[in-house]
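K.L.:
Just dropping this structure here.
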2 protein chains.
Amino acid sequence: MSLSDLFEGDIVEAGAQVRIEPIQQRSTARLSGLLDATAIVVDEVGFDRITTAMVAERAGASIGTVYRYYPDRVAVLHALRERVIQRYRLRVARDIKLADPKTPWETIDCAITAFVDMYRTEPGFRIMHFADRERLPISAVSPADGIEVGFLAGQLAVVLSERFGLSYGPELLFRLEVMVEMAAAVLSRGFQSDVMGDERYIAEARRVLSVYLAGYYGEELEQHGTAAPVLESAE
Amino acid sequence: MSLSDLFEGDIVEAGAQVRIEPIQQRSTARLSGLLDATAIVVDEVGFDRITTAMVAERAGASIGTVYRYYPDRVAVLHALRERVIQRYRLRVARDIKLADPKTPWETIDCAITAFVDMYRTEPGFRIMHFADRERLPISAVSPADGIEVGFLAGQLAVVLSERFGLSYGPELLFRLEVMVEMAAAVLSRGFQSDVMGDERYIAEARRVLSVYLAGYYGEELEQHGTAAPVLESAE
DNA sequence: ATTTCCATGATTGAGTTCCGATCGGTGACG
DNA sequence: CGTCACCGATCGGAACTCAATCATGGAAAT
């Protein structure tokens, strides 16, 4: 499994729940237009006040068009969530390629920076934290012990094992899963008290993840020179 | 501000949004019955598929009764969320009284254990993690620097400062806020892959919080003998 | 190469169903 | 017996459908 396999597979914008795969050109534009509208409306009126009529109007489409592509109101939100995740993954992949991190920590730091940046710029990004996750399709099930691996964790696991030789396996996946959860929670908390993102929470998320990472992989990577900041009694 | 003030204040079951304060006895039973029904329905059909009709039927009440107490569908869910939080707080207060923790870590550990236990036994407890938090009334605003303090963090801050002399202030509140977010995220993740709670995530939540706590308050409390487990390369 | 043509995909929006929310009437409490 | 609690038919509006209409892009004709 290579990096390009992971990131360049299924670039398809459509969420898991599209009723009809778009065939003509214009319809894929419609589809993304619908999600663009959904994202804006979500930011405006919130997660549970959104109506299909609002989405349709914003997208310059009719109600019927919404239902051509999505079975119901909730499916639209799930599709938005998946697109946002997909975009985040692509962004992380790009950033890693550009930054060319020299340590696992720098890699994770890329992911954090991208998360913060998208929270600030990508409409509807909030949905990542607030949406109900229970119906998400399980992307992969680790055969060994049954840990369900999320997209992000699986992606980062590949990068970390390929670039830094961390052994790919359930432990790595599990730890990345934990890191993803922690970072998402603390960062989202930071954006709850401040729409531009409270820097204290962002800094703390970085600190927590770097310590976590160092705790598991700090010593064995000493030759690479881990640049992970030390947990200090700040302030 | 004493412990009893914090925990025994506002035992009122009603959420913030009740239309009419119940006066007769039976109506308070109705109110909690409605929330009981809501909790069960939330567990059954999920957060965004719930309807007021379902709630009414489950509670053995009519639609009108639901709207007598709550202005709209969303308010019912918020009320459930607040009741769940309230019950959790009381549970933590009780457990701390019973366990009589000797260290900050033992105190936090109480809170984690209570969280896990309530996830297993309290219907609708999932809502703590999944519900949209953006419309929650801000319980308190730290005057110094504007950190909004959640119920749980504020409560634990009082306990830790009263029992162990940690200095009560924005730093402590902030760090507890971070801990609450991290624990809730990782634990909820554990209940996502396993309805009874995946023990690996639970253990990891404990480990992460104990390390976090030790990082800030480990040394200065050596005389109490912190029992916080060390972050080990487990497995 | 250009135009015509048309099968099929895409869109529409009035119409249907269902759910959120109301309110006047009835029953129960104290 | 006044007031509080409850009910459920009813209304308004949002979710969702479907038959009719429009647009597309490729094939056939020239």
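K.L.:
Any idea which residue in segment A:43-74 is surrounded by the fewest Cβ atoms within 10 Å (Cβ to Cβ), counting only those that are within 8 Å of DNA strand D (Cβ to nearest atom) and within 11 Å of another protein chain (Cβ to nearest Cβ)?
P.N.:
Among them, the one singled out is A:Asp72.
K.L.:
Select from segment A:157-175 the residues that are closer than 15 Å to A:Thr103 by Cβ and in a helix (DSSP H, G or I) and list them in ascending order. Show your work before the answer.
P.N.:
As a first pass, look at segment A:157-175 and keep what is closer than 15 Å to A:Thr103 by Cβ: A:159-166.
Of everything in segment A:157-175, those that are closer than 15 Å to A:Thr103 by Cβ and in a helix (DSSP H, G or I) turn out to be A:Val159, A:Leu160, A:Ser161, A:Glu162, A:Arg163, A:Phe164.
K.L.:
Go through segment A:31-42 and count every residue that is within 11 Å of DNA strand D (Cβ to nearest atom) and surrounded by fewer than 19 Cβ atoms within 10 Å (Cβ to Cβ).
P.N.:
From segment A:31-42, those within 11 Å of DNA strand D (Cβ to nearest atom) are A:41; that's our starting set.
Next cut, surrounded by fewer than 19 Cβ atoms within 10 Å (Cβ to Cβ) only: none.
The number of residues fulfilling the criteria is 0.
K.L.:
With the requirement that a residue be surrounded by fewer than 24 Cβ atoms within 10 Å (Cβ to Cβ) and either small (Gly, Ala, Ser) or not in a helix (DSSP H, G or I) (or both), what does segment A:191-209 give you?
P.N.:
Passing the criteria: A:Ser193, A:Asp194, A:Val195, A:Met196, A:Gly197, A:Asp198, A:Ala203.
K.L.:
Is it the case that segment A:81-90 has a residue that's within 16 Å of DNA strand C (Cβ to nearest atom), in contact (Cβ under 8 Å) with a residue 24 or more places away in the chain and assigned to a helix (DSSP H, G or I)? If you could, list the steps in order and put the result at the bottom.
P.N.:
Going residue by residue through segment A:81-90, those that are within 16 Å of DNA strand C (Cβ to nearest atom) are none.
Checked against the condition, which is being within 16 Å of DNA strand C (Cβ to nearest atom), in contact (Cβ under 8 Å) with a residue 24 or more places away in the chain and assigned to a helix (DSSP H, G or I), segment A:81-90 yields no hits at all.
K.L.:
Based on what the data block shows, is A:Thr52 within 23 Å of B:Arg73 (Cα to Cα), touching a residue at least 24 places away in the same chain (Cβ under 8 Å) and within 11 Å of DNA strand C (Cβ to nearest atom)? Spell out the reasoning first.
P.N.:
Details: within 23 Å of B:Arg73 (Cα to Cα): yes; touching a residue at least 24 places away in the same chain (Cβ under 8 Å): yes; within 11 Å of DNA strand C (Cβ to nearest atom): yes.
Yes.
K.L.:
Now for a separate question. Could you please let me know if A:Gly215 is more than 7 Å from every other protein chain (Cβ to nearest Cβ) and modelled with pLDDT under 95? Lay out the reasoning, then the answer.
P.N.:
Working: more than 7 Å from every other protein chain (Cβ to nearest Cβ): no; modelled with pLDDT under 95: yes.
The answer is no for A:Gly215.
K.L.:
Cβ-Cβ distance below 6 Å, separation of 6 or more or different chains: which pairs start in segment B:120-135 with a residue that is at pLDDT 60 or above and end on one that is of a type in the set (Phe, Trp, Tyr)?
P.N.:
Pairs found: B:Phe125/B:Tyr119; B:Phe130/B:Phe47.
K.L.:
Taking B:Asp95, is it more than 14 Å from chain A (Cβ to nearest Cβ), without any contact (Cβ under 8 Å) to a residue 24 or more places away in the chain and either more than 13 Å from DNA strand D (Cβ to nearest atom) or surrounded by fewer than 19 Cβ atoms within 10 Å (Cβ to Cβ) (or both)? Break it down stepwise before answering.
P.N.:
On the way: more than 14 Å from chain A (Cβ to nearest Cβ): yes; without any contact (Cβ under 8 Å) to a residue 24 or more places away in the chain: yes; either more than 13 Å from DNA strand D (Cβ to nearest atom) or surrounded by fewer than 19 Cβ atoms within 10 Å (Cβ to Cβ) (or both): yes.
Taking the combined requirement at face value, the residue satisfies it.
K.L.:
Identify, please: which residue in segment A:62-76 is under 25 Å from the mean Cα position of the chain (by Cα) and part of a helix (DSSP H, G or I) and is, among those, farthest from DNA strand C (Cβ to nearest atom)? Even if it seems obvious, please write down each step before you answer.
P.N.:
If we filter segment A:62-76 for residues that are under 25 Å from the mean Cα position of the chain (by Cα), which is where we start, we get A:66, A:69-76.
Next cut, part of a helix (DSSP H, G or I) only: A:66, A:69, A:73-76.
On the way: A:Val66: 8, A:Tyr69: 7, A:Arg73: 11, A:Val74: 12, A:Ala75: 16, A:Val76: 14 Å.
Restricting to residues being under 25 Å from the mean Cα position of the chain (by Cα) and part of a helix (DSSP H, G or I), the top hit is A:Ala75.
The values are calculated or read from the model by the stated rules, or taken from the named source; none is laboratory data. Computed from a predicted structure; not experimentally measured. No Cβ is skipped: glycine too gets one built from the backbone with ideal geometry, and neighbour counts run over all protein chains shown.
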